[in-house]
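Let me begin by presenting the structure, written as structure tokens, before commenting on it.
No lab work stands behind these numbers, since they all come straight from the coordinates. Remember, it's a predicted structure, so these values are computed and weren't measured experimentally. Virtual Cβ from ideal backbone geometry, glycine too; neighbours counted across all protein chains shown.
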Amino acid sequence: YREAINLLASELFSDKVDLFCLCPNGVQNFGKNRDRWLIKPSAKTPQHLNLFVFLGKMIGLVIRSSMTLDLQFAPFIWKCLVGDGFDLMNEL
């Protein structure tokens with residue numbers, strides 16, 4: 001069960017699903033967080049929105065099951081999700 005959830009997460013953070021893109025540090029192979037992903041600005045079709053809803057449900061399932069899930073979001077995405085402040089100069 002956990003392996004299936006982790007496989008779904010790894011598929012989401014790949015080029016196979018068109019929801020996320022590698023952060024600029026990863027593209028340029030420079031700086032911190034090279035393996036982290038950002039939400040693609042172009043991911044706004046109904047199909048993309050359905051995939052985001054699915055991701056939210058998957059996160060909820062993982063939380064309710066007390067499992068861990070390796071979501072490879074860039075730090076400022078996490079800060080936005082948890083409502084923490086974001087300082088661009090400290091993230092670079």
Between Asp18 and Gln47, the two model label points (7 Å from Cα along the beta-carbon direction) sit apart by a distance in nm of 0.6 nm
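Please report the relative contact order for the chain, taking Cα pairs under 8 Å with a sequence separation of at least 6, and give it as a percent rounded to a whole number.
27 percent
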With DSSP loop assignment and no more than 13 other C-beta atoms within 10 Å, the trypsin sites (Lys or Arg not before Pro) in region 1-84 are Lys16, Lys32, Lys44
Partner lysines whose C-alpha sits under 24 Å from that of Lys44, ignoring same-chain residues fewer than 8 away, are Lys16, Lys57, Lys79
Taking Cα atoms, the helix 46-64 axis meets the longest principal axis of the chain at an angle in degrees (rounded to 10) of 80 degrees
Stretched fully, the stretch from Ala4 through Lys57 gains (0.36 nm per residue minus C-alpha distance, one decimal, in nm) 17.6 nm
Length gained if Trp78 through Asn33 is fully extended, taking 0.36 nm per residue and subtracting the Cα-Cα distance, is 14.9 nm
